[in-house]
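Reading through the structure tokens given below for one structure.
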Amino acid sequence: MKIAISITAGGTEAKVSSRFGRCPFFMIYDIENDEYEIIPNPAINLSGGAGSKAAEVIIEKGASAIISGNIGPNAYRALKSGNIEMYLANDSADIKETIEKFKNGELEKFEMKEM
């Protein structure tokens with residue numbers, strides 16, 4: 001299973017980003033193999049539609065879940081349509097601790113009320 005994490009910088013010492021659609025980078029982490037890839041977020045500077053574009057990237061990378069400090073309504077709809085589970089982590093949380101919390105089922109699942 002692959003999970004994506006919105007992160008603040010391009011290294012393993014980065015923290016969880018408070019933003020999904022405009023975070024600087026994503027970590028794509030493969031739980032079974034304990035391997036990861038860090039990719040720049042191509043949506044960070046878009047004038048509109050950043051959440052939807054970032055969601056496309058996560059879906060294309062084959063992630064089953066995303067962990068972020070927050071997820072906006074457009075990103076939520078795009079991720080939900082891609083069957084991506086969404087989880088919240090504290091802004092600036094440590095990546096390694098966040099992965100362990102995910103593995104242990106300790107992260108809050110994100111659900112947005114439909115309007």
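The values are calculated or read from the model by the stated rules, or taken from the named source; none is laboratory data. Not measured: the values here are computed from a predicted model. Neighbour counts are summed over all protein chains in view; Cβ atoms, including those assigned to glycine, are modelled from backbone coordinates with ideal geometry.
In table form, for the structure just shown:
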{"quantity": "Among residues of region 1-27, those that are farther than 18 Å from residue 76 by Cα and β-branched (Val, Ile, Thr), counted", "calculated": "2"}
{"quantity": "Any chance residue 66 is closer than 15 Å to residue 111 by Cβ, β-branched (Val, Ile, Thr), buried (at least 18 other Cβ atoms within 10 Å of the Cβ) and touching a residue at least 40 places away in the same chain (Cβ under 8 Å)", "calculated": "yes"}
{"quantity": "All positions within region 45-87 that are under 17 Å from residue 15 (Cα atoms) and among the aliphatic types (A, V, I, L, M)", "calculated": "66, 67, 71"}
{"quantity": "Region 84-115, residues that are aliphatic (A, V, I, L, M) and in contact with a helix residue (DSSP H, G or I) (Cβ under 7 Å, 6 or more places away or on another chain)", "calculated": "84, 86, 89, 107, 112"}
{"quantity": "Residue tally, condition modelled with pLDDT of 95 or more, outside any helix (DSSP H, G or I) and on the phi < 0 side of the Ramachandran plot, over region 90-107", "calculated": "3"}
{"quantity": "Residues that are out of contact with any Asp or Glu (no Cβ under 9 Å at 6 or more places or on another chain), buried (at least 23 other Cβ atoms within 10 Å of the Cβ) and aliphatic (A, V, I, L, M), drawn from region 1-20", "calculated": "4, 5, 7"}
{"quantity": "Any hit, region 51-63, residues being surrounded by 14 or more Cβ atoms within 10 Å (Cβ to Cβ), under 12 Å from the mean Cα position of the chain (by Cα), under 15 Å from residue 102 (Cα atoms) and among the small types (Gly, Ala, Ser)", "calculated": "yes"}
{"quantity": "Members of region 73-107 found to be within 12 Å of the chain's Cα centre (by Cα) and small (Gly, Ala, Ser), listed by number", "calculated": "75, 89"}
